[in-house]
Every structure is written in structure tokens, then in C-alpha cells.
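K.L.:
Mind looking over this structure? Questions follow.
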Amino acid sequence: MANFATMSVREIQAGLAGKQFSAREVAEDALARIAAVDPQIHAFLEVTEEAAYEQARTVDEAIAEGRLAEMGPLAGVPVAFKDNMNMKGTHTTCSSRMLENYVSPYTATCVAKTIEAGGIPLGKLNMDEFAFGSSTETSAFGITRNPWDLERVPGGSSGGSAAAVAAGLATVTLGSDTGGSIRQPGSFCGIVAVKPAYGTVSRYGVVAFGSSLDQVGPFARSVEDAALALNALAGHDPLDCTSQQLGVDYTANLAEGVAGMKVGIVPAFMQAEGLDGEVRAKVEEAAAKLESLGAELVEVDLPNAQAAMSAYYVLGPCEAFSNLARFDSVRYGYCAEGHKDLGGQYEESRHEGFGPEARRRIMLGSYLLSAGVYDKYYYPAQQVRTLITQDYRRAYESVDVILAPVSPRTAFKFGEISDPTTMYLSDMFTISINIAGNGGMNMPVGLGAESGMPVGVQLIAPQFKDENMLRVAAALETVYGPAPVAPQFAVER
Ligand code: GLN
């Protein structure tokens, strides 16, 4: 087996251009590797063999006609998608019983763009049910294991997307991030994971959790691979009025280094209660490395960021409650048969179709939006949102990027966190970024001194300046190297 999916985008494309192998061979090999390795990980919910071969044929035709360079930034690259992204003809379950039998009648823009850019679609990836969670343990179709330690969670909610890349089952995958669901699994699995600024990537065809917070982004093992994927994904889509045409080449400044850049450090984040020593040590180490590469470290204050978690658990459930109302057994979703009245059918279908965490969010949202309660929570949460957005804007008057932890700790064991509010704290350093709408990413910086598990640092960009964080990440990559495939699944080259 050649294990093409463990290669970088440029390595694959060089091999295709040099006719060392064909896209057909890449597809065959990637599918064979999934069949051999994924039973241990369970990153995939569905493998799209036919679509993979069809796309490989298109890429091979382009190569034969000398058009490989025109094909797009992901030509011939094995890719896969979180299961909340519609891809025509595939199941899009959101890891929920509610959508177990739902087959997409159309394709999400992010999926279409990945395929138009030449990506070879391998399948759909496991996640927390409807993206509620931080461990992928709430999937109705079983857990996904962390390729670095099979007894530990891969993070979530995009756990399948992170695990697939970390195990070398795909070169690039897509995830979605509402409060940390790209960055936190990226850090748990030791790979590059980018949540772009809200509006960078179209949300059309991605099953909505919190429409004002959700954003799609790539997972990859190198900064360049992630930047190439972002080049394919970004852009205005007439089907999503919040999407923007930014016209940025995310690979353009990766080699520029950080000399003269100002990197913000938030003292309140670094001193936060609950931040593990081994994670803090790694963030401090990365800060020192950036300084030695010529960056200037500057302390910045985000005085309202500590209220982000509270605002998120008002706004998130309110939006989720509204978005999930469509899964009513009539318009969409699982239907408990045998009821004479619609009320009974509705109640039982939603009770059986949704898992406990989804039901908790729906109940929370329905309470928070009810008459009399709405004014007390929803309005103040929106006001907090404005304050946090202003905090970031002010901070970026003096820095180009902010360096912070991603997750307070490394990957935990299955079942270790059973209390929902403790689980919610997994996102204490990521949530304020979704609230403000700017971009943030995980950059892997080696292993924790105590746990031996991957640790990542978060780089946070000013609004629509995601190229800043990618540039700093690329500088860190010169020190730490690109992310390896998890040792247990690594292959010799
Ligand atoms: N863990 C957070 C939650 O459960 C964020 C999830 C996400 O970003 N989709 O809501």
C-alpha cells in the first residue's frame, strides 16, 4: 500500500504531475487504507467509493489533457466531510437517529467547492449529535477513537474529521465550529485545524446548529495544506447571504516569517483556573519561540471574554432550538408511527429521534425564548456579544494576532467527563471567538509533558485577517514541524 492519504497535498500533486501514480491509484489506496485502519478508529460513517472513483476519473482525464494545474488546489487529494454537510446521494445523519435514513438531495457549497477543486471524496465523518458536544461521545452511531491513544476521545464535535486526518485516512477533511468544534478536536488529535472568520466559507447545505456562530473549516497535517483547502473553500455564495468575497490567497504569506509581528497574550487566559500546567507550558514555549523568531509579545486585555461561555449557552441553545424545530417527523426526520394525532407523533418522534444532549439544548432554548424569560437572558447575551466583539477590535489595534490555549487540557478518556457543564468548559478558550465572529485555529506544538498527548496552541486573527494566523502558524511549523500521522498508524517513506 502506498498510503497516499498520509502524504501532503504538494507530494500527491507532484506524483500525479510526474505520472508516478494516477488519481485512480490514490483513490483505490485511500479506500483500502480506510478499510484496513478505520475499524480501529471509526472516523467514517459512510464511505463514498463510487464518488471517489468518479472524481479520480475526472482528475486523471485532466492530467491526460495537461490540465492538472487548472484543476484547483486540491486536485487528486483524498478528502472527507463531517456528516452535517450535505453531499447528494449520501446519508447526512448529523450522527442522529433523527436523520438516520435521510439521503441528501443536494450538495452543500463547501462540499461542492472541495470537489470542484479536485478533491477525491472518501466519505462522511462521525461527529457529536447535531454538533452538540466536545468528545464525539454523543454520536448515535458509536464513538470515534483518538488515533494517538485509542482509549481517549478525539475531541468534538468534529471528532471524526480530526481523527481521520490524524490517522492518515485523508489528507484534508472539513469540520464545522460553533464554539470550538474544529479547534478543540484539532488540538486533541495534534493536527492543523482552522475555523475561519464567520462569513469566509458558505454555510449553505451545512445542517445548522447556531446560524450566527457556525463556520466551516479545514483539518490538515500542515499549514500549507490547510491554506490550500481554504483557498478552495472561501468566497461569496449567492445561496448564503452572510458569505463574503475576500479574494485572499491564504498561501501567499506563509513563508514571510514573524519578524516585526506583534503577538498578543491574554494574561487572564494564561492564568485561568482549570488550565492544565502542561498546556500552559506549551503555550509559553510557543510564545518564546515566536519571540526568538522576531515577533514582539504584547499583553492584551479582553475584559468581557469571561462572560463568553454564559452568552454562548444562551445564544447557542436559542438558535439550536429554532433550527431543530424542522425535525418534526413530518417535514424531516424520524417518525414514530401509529399515532392518530399529530401531537403524539411529534412528541414521541422527537423524544426517540434526539439523544439526551440534543434534548437538553432544545429544552434550554425553548425555555430561554419563552415569554417573560426572553428579555432576561437573550437580550443581555446579545449585549455581551457586542462587548466581546468590541474587546477583540480594541485588542487588534495593538497586535496582529493573539496566542492562547485551545483546550484547557489534552484528550480525556471515554466516560471521564459525564457532567455536561464540565464538558462545556472544554471550549472556555475558543467560544469567545465564535461570539465575536473572527477566525481562530489550532496549531500543534508537540506533546504534553505529563499526558504525552498532543497539545495545540490557538492563534486568533483580527476579523477577516485569517492570513495573519496562518502566517504565524507557518512560522511555528518551522520549529515544530508539520503534524505527523499518529505513531500507531504512521507508515515508512
Ligand atoms: N462544544 C460546544 C458545544 O457543545 C461547541 C460545539 C461546536 O462548536 N459545534 O456547543
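We did not get these values from a lab; they are worked out from the coordinates using the rules stated. The structure presented is a predicted model; accordingly, all values stated were derived computationally and were not measured. Cβ: placed from backbone, ideal geometry, glycine included. Neighbour counts: every protein chain shown.
K.L.:
Placing +1 at every Lys and Arg Cβ and -1 at every Asp and Glu Cβ, with all other atoms neutral, what dipole size does the chain have around its Cα centre, in debye to the nearest 20? Working shown, then result.
P.N.:
Details: 37 positive and 58 negative charges, 83 e Å.
Result for the chain is approximately 400 debye, rounded to the nearest 20.
K.L.:
Would you work out which of Met309, Gly452, Met270 lies farthest towards the positive end of the dipole of the chain, given +1 charges on the beta-carbon of Lys and Arg and -1 on that of Asp and Glu, about the Cα centre?
P.N.:
Comparing the listed Cα positions along the dipole, Met309 ranks first.
K.L.:
While we're looking at this one, here's another question. So for each of 53-59, 128-134 I average, over its residues, the number of other beta carbons within 10 Å; can you give me the resulting order with the highest mean first?
P.N.:
Numbers: 53-59: 18.1, 128-134: 29.0.
The most tightly packed comes first, giving 128-134, 53-59.
K.L.:
Can you give me the convex hull volume of the Cα atoms of region 167-209, divided per residue and expressed in Å³?
P.N.:
Per-residue hull volume (Cα only) is 95 Å³.
K.L.:
May I ask you to derive the FRET efficiency for Ala252 and Ser310 from their Cβ-Cβ distance with R0 = 45 Å, giving the value to the nearest 0.05? Don't skip to the end; give the middle numbers.
P.N.:
On the way: r = 39 Å, r/R0 = 0.86.
Rounded to the nearest 0.05, the efficiency is 0.70.
K.L.:
In the calculated pair distance distribution of region 246-316, what percentage of Cα-Cα distances lie above 16 Å?
P.N.:
Details: 1607 of 2485 pairs.
Every Cα pair in region 246-316 considered, those over 16 Å come to 65 percent.
K.L.:
Dipole size in debye (nearest 20) for region 93-159 around its Cα centre, Lys and Arg Cβ +1, Asp and Glu Cβ -1? Don't jump to the answer; show the numbers that get you there.
P.N.:
Numbers: 5 positive and 7 negative charges, 31 e Å.
Dipole of region 93-159, to the nearest 20 debye: 140 debye.
K.L.:
Still on this structure, I have one more. Find the centroid of the Cα atoms in region 124-182 and in region 66-112, then give the distance between the two in whole Å.
P.N.:
Spelled out, the Cα-based centre of one part sits 16 Å from the other.
K.L.:
Would you kindly state how much longer the chain becomes between Lys413 and Leu447 on full extension, computed as 0.36 nm times their sequence separation minus their alpha carbon distance, in nm to one decimal? The partial results should precede the final answer.
P.N.:
Numbers: separation 34, 0.36 × 34 = 12.24 nm, distance 1.65 nm.
Contour length minus the Cα-Cα distance gives 10.6 nm.
K.L.:
OK, next. Per the helix-only calculation at 222 nm, which mean residue ellipticity applies to the chain, given -39500 (n - 2.57) for every DSSP H run of n ≥ 4 and division by its residues, nearest 500 deg cm²/dmol? Spell out each step's value before the answer.
P.N.:
On the way: 16 runs with 187 residues, N = 493.
Calculated mean residue ellipticity at 222 nm is -11500 deg cm²/dmol.
K.L.:
At each listed q (0.11, 0.12 Å⁻¹), what is the log10 of I(q)/I(0) that the Debye formula gives for the chain modelled as equal alpha-carbon point scatterers?
P.N.:
Calculated log10 I(q)/I(0) at the listed q: -0.84, -1.00.
K.L.:
What whole-number value in cubic angstrom gives the convex hull volume per residue for the C-alpha atoms of region 19-134? Before the final figure, lay out the partial values.
P.N.:
Working: hull volume 12.6 nm³, N = 116.
With only Cα atoms used, region 19-134 gives 109 Å³ per residue.
K.L.:
For region 379-493, what is the Kirkwood hydrodynamic radius in Å, using each pair of distinct C-alpha atoms? Let's see the in-between values first.
P.N.:
Working: mean 1/r = 0.0619 Å⁻¹.
About 16.2 Å, per the Kirkwood formula over Cα pairs.
K.L.:
Report the label-to-label distance for Lys340 and Ala325 in nanometres (one decimal), using points 7 Å from each Cα along the Cα→Cβ vector.
P.N.:
Output for this residue pair reads 2.9 nm.
K.L.:
What is the P(r) of region 78-194, as percent of Cα-Cα pairs per 5 Å bin from 0?
P.N.:
In whole percents, the pair-distance histogram is 2, 15, 24, 25, 20, 11, 3, 0.
K.L.:
Please sort 279-287, 485-493, 10-18, 107-115 by packing, taking for each peptide the average over its residues of neighbouring beta carbons within 10 angstrom, highest first. Before the final figure, lay out the partial values.
P.N.:
Details: 279-287: 19.3, 485-493: 13.6, 10-18: 16.4, 107-115: 25.1.
Ranked from most to least packed, the peptides come out as 107-115, 279-287, 10-18, 485-493.
K.L.:
Along the charge dipole of region 84-140, which of Asn126, Ser104, Ala140 sits closest to the positive end, that is, farthest toward it, with unit charges on the beta carbon of Lys, Arg, Asp and Glu (+1, +1, -1, -1)?
P.N.:
Ranked along the dipole, the leading option is Ser104.
K.L.:
Between Ala490 and Glu11, what is the FRET efficiency for a Förster distance of 25 Å, r being their Cβ-Cβ separation, to the nearest 0.05? Intermediate results must be reported in sequence, preceding the final value.
P.N.:
Working: r = 15 Å, r/R0 = 0.61.
Computed FRET efficiency for Ala490 and Glu11: 0.95.
K.L.:
Grab the beta carbon distance between Glu291 and Gln40, set R0 = 51 Å, and tell me the FRET efficiency rounded to 0.05. Please report the intermediate quantities before stating the final value.
P.N.:
Numbers: r = 41 Å, r/R0 = 0.79.
After rounding to 0.05, the efficiency reads 0.80.
K.L.:
Quick one: putting +1 on the C-beta of Lys and Arg, -1 on the C-beta of Asp and Glu, what dipole do you get for region 194-260 around its Cα centre, in Debye to the nearest 20? Intermediate values should be presented prior to the final figure.
P.N.:
Details: 3 positive and 7 negative charges, 35 e Å.
Once rounded to the nearest 20, the dipole reads 160 debye.
K.L.:
Grab the eigenvalues of the alpha-carbon gyration tensor for region 149-271, scale each by 5, take roots, and send me the semi-axes largest first in whole angstrom.
P.N.:
Numbers: eigenvalues 96, 84, 54 Å².
The answer is 22, 21, 16 Å, longest axis first.
K.L.:
Would you kindly calculate the translational diffusion coefficient of region 328-420, applying Stokes-Einstein with the Kirkwood radius from alpha carbon pairs, for 37 °C and a viscosity of 0.692 mPa s, and quote it in µm² s⁻¹ without decimals? Walk me through the numbers on the way to the answer.
P.N.:
Details: Rh = 17.9 Å.
My calculation gives 183 µm²/s for D.
K.L.:
Output the antiparallel fraction of DSSP beta bridges having both residues in the chain, as a percent to the nearest 5. Can you show the working numbers first?
P.N.:
On the way: 29 of 43 bridges.
The antiparallel proportion sits near 65 percent.
K.L.:
Considering the Cα positions of region 253-396, please state its Rg to one decimal place and its Dmax as a whole number of Å.
P.N.:
Here Rg and the maximum Cα pair distance are 22.7, 71 Å.
K.L.:
In nm, what is the difference between 0.36 nm times the number of residues separating Glu70 and Glu397 and their Cα-Cα distance? It would help to have the intermediate numbers written out before the result.
P.N.:
Numbers: separation 327, 0.36 × 327 = 117.72 nm, distance 3.92 nm.
Additional length available on full extension: 113.8 nm.
K.L.:
Can you sort Lys289, Lys413 by how many other beta carbons sit within 10 Å, fewest first?
P.N.:
Details: Lys289 18, Lys413 12.
Sorted ascending by nearby Cβ count, the order is Lys413, Lys289.
K.L.:
Check which residues have an amide H placed less than 5 Å from Thr107's amide H, if you skip close sequence neighbours.
P.N.:
It is Lys88, by chain and number.
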